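To keep things clear, I will list the structure first and then write my remarks on it.
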Amino acid sequence: MNRTFLAVIAVAVALSGCKAKEVIGKAAIEKDLEKRGTIDLMKQTAEDEYTPPEDGRLTEAQIQMYLKVREHEKKIAQVAKEQMKQHSEKAEASGEKSMGGLMEGLKALGSAADLVTADIRAAKDLGYNTQEYLWVKGQILAASGAAIAEKATEAMTAGMDASYQQMKKAHDEATDPATKKMYADMLAGYEKSKAEMAQQQEQQDPAIAYNRRLLAKYENELKAWAAEWSKYEDKPGEADKAVADFQKSVEKSKTNP
C-alpha cells in the first residue's frame with residue numbers, strides 16, 4: 001500500500017470524524033431544544049444570581065466568556081432557525097386554519113423563542129452564570145453601541161466641517177451687512193453645535209470608555225452588534241458586511257465630505 005493511498009485514507013477518516021462531530025453537535029442541540037423549552041430555560045436562568053461591580057467595568061475573563069458563549073450561540077441559533085423554517089413551511093402546507101397548521105404555527109413560535117434566547121441557552125450549556133452573562137453582554141453592547149455612535153458623529157462632523165468652510169468663504173466674500181450677518185449667525189450656530197458634540201464625547205461614561213478599550217483588545221468594537229444582528233440575517237455574512245460598509249462610508253465621508 002503506497003504512501004499516497006495511506007494519506008488519502010487518513011484525510012478521509014479525519015473529514016468523516018469532523019462530520020460526525022458536527023452531526024452529533026446538531027443532534028444534541030435538537031434534543032435539548034425538544035427537552036428543555038424556553039419557559040424551562042427562563043426558570044433556570046431566574047435561579048442564577050449575580051451582583052455587578054459598582055464601577056461597571058468588565059474583566060478579561062468576562063470578555064472571553066462572552067466570546068465563547070457567542071460561538072456556541074451561533075450553533076443553537078442555526079438549529080432554531082432551521083426548525084422555525086420547517087414548522088412555518090408545514091403550517092403553510094397544512095393551511096393556517098387547520099388544526100395541523102395551527103400546531104405547526106405554535107411550534108414555529110416556539111422555535112422563534114429558542115432563537116431569541118439562544119445565547120442564554122449557550123451560556124447555560126457552557127456552565128456560566130446566566131445573570132452574569134446577561135450583564136456582561138449588556139455592557140459589551142453598550143460599548144459597541146458607543147463605538148457606532150462615535151463613528152456616526154465622525155461622519156456628521158466631517159460633513160459639518162465641509163459646510164462650515166463653504167459658509168466661511170461666503171461670509172468673507174459677502175459685501176452687504178445683512179448677508180454677512182446671516183452667515184455669521186450660521187457660523188456661530190455651527191461652532192456651538194460642534195462644542196456641544198465635543199462636550200458629549202468628553203462626558204462619556206468612564207465604564208463604557210474602559211470597556212471599549214478592553215473589548216478592542218479582542219476584536220473590532222463594532223463586531224458585537226454585528227454578531228447580535230447575524231442571528232436574524234437571511235444570508236450568512238450580511239450583518240458583517242453591513243458593519244464593514246458602514247465603516248467604509250464613515251472613512252469616505254472623512255476624506256471626501
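If you take the residues in region 123-145 that are part of a helix (DSSP H, G or I) and open to solvent by 50 Å² or more (accessible area, probe 1.4 Å), which one is farthest from Asp205 (Cα to Cα)?
If we take residues in region 123-145 being part of a helix (DSSP H, G or I) and open to solvent by 50 Å² or more (accessible area, probe 1.4 Å), then Asp125 is farthest from Asp205 (Cα to Cα).
When you look at Gln83, is it part of a helix (DSSP H, G or I), under 16 Å from Lys231 (Cβ atoms) and over 21 Å from the mean Cα position of the chain (by Cα), yes or no? Explain how you work it out, then say what you get.
On the way: part of a helix (DSSP H, G or I): yes; under 16 Å from Lys231 (Cβ atoms): yes; over 21 Å from the mean Cα position of the chain (by Cα): yes.
Criteria met by Gln83.
Which members of region 86-122 meet the condition of being outside any helix (DSSP H, G or I) and over 24 Å from Pro236 (Cβ atoms)?
Of region 86-122, the ones outside any helix (DSSP H, G or I) are 95-98, 117.
If the condition is that a residue be outside any helix (DSSP H, G or I) and over 24 Å from Pro236 (Cβ atoms), then Gly95, Glu96, Lys97, Ser98 are the ones that fit.
Determine whether region 79-102 contains at least one residue that is modelled with pLDDT of 90 or more and surrounded by 14 or more Cβ atoms within 10 Å (Cβ to Cβ). Can you show your working first?
Residues of region 79-102 modelled with pLDDT of 90 or more: 79.
Now restrict to residues that are surrounded by 14 or more Cβ atoms within 10 Å (Cβ to Cβ): 79.
Yes, region 79-102 has at least one match.
Here's a check for you: in region 23-46, which residue that is among the aliphatic types (A, V, I, L, M) and open to solvent by 80 Å² or more (accessible area, probe 1.4 Å) is nearest to Ala209 (Cα to Cα)?
Going residue by residue through region 23-46, those that are among the aliphatic types (A, V, I, L, M) are 23-24, 27-29, 33, 39, 41-42, 46.
Still in the running and open to solvent by 80 Å² or more (accessible area, probe 1.4 Å): 23-24, 39.
Working: Val23: 42, Ile24: 42, Ile39: 36 Å.
The residue in question is Ile39.
Would you check which residues across region 59-78 are open to solvent by 50 Å² or more (accessible area, probe 1.4 Å) and either basic (Lys, Arg) or at positive phi (or both) and list them?
Lys68, Lys74, Lys75
Considering only residues that are within 16 Å of Glu221 (Cα to Cα) and among the acidic types (Asp, Glu), which ones fall in region 54-82?
Glu60
I'm told Ile120 meets every condition in (1) open to solvent by less than 10 Å² (accessible area, probe 1.4 Å); (2) under 18 Å from the mean Cα position of the chain (by Cα) except one. Can you identify the failing condition by its number?
It is condition (1) that Ile120 fails.
When region 46-80 is examined, which residues are found to be more than 22 Å from the chain's Cα centre (by Cα) and part of a helix (DSSP H, G or I)?
Correct list: Ala46, Glu47.
I'd like to verify a number: residues in region 47-58 that are open to solvent by less than 80 Å² (accessible area, probe 1.4 Å) and over 14 Å from Tyr133 (Cβ atoms), how many?
Step one: list which residues in region 47-58 are open to solvent by less than 80 Å² (accessible area, probe 1.4 Å), which gives 48, 50, 52-53, 56, 58.
Retained after the next criterion (residues that are over 14 Å from Tyr133 (Cβ atoms)): 53, 56.
Qualifying residue count for the region: 2.
The values are calculated or read from the model by the stated rules, or taken from the named source; none is laboratory data. Just so it is clear, the structure is predicted and the values come from calculations on it, not from any experiment. Neighbour counts run over all protein chains shown; Cβ positions are idealised from the backbone, glycine included. Side chains included, ligands, DNA and RNA excluded: accessible areas come from the protein's heavy atoms. Shrake-Rupley method; radii C 1.70, N 1.55, O 1.52, S 1.80 Å.
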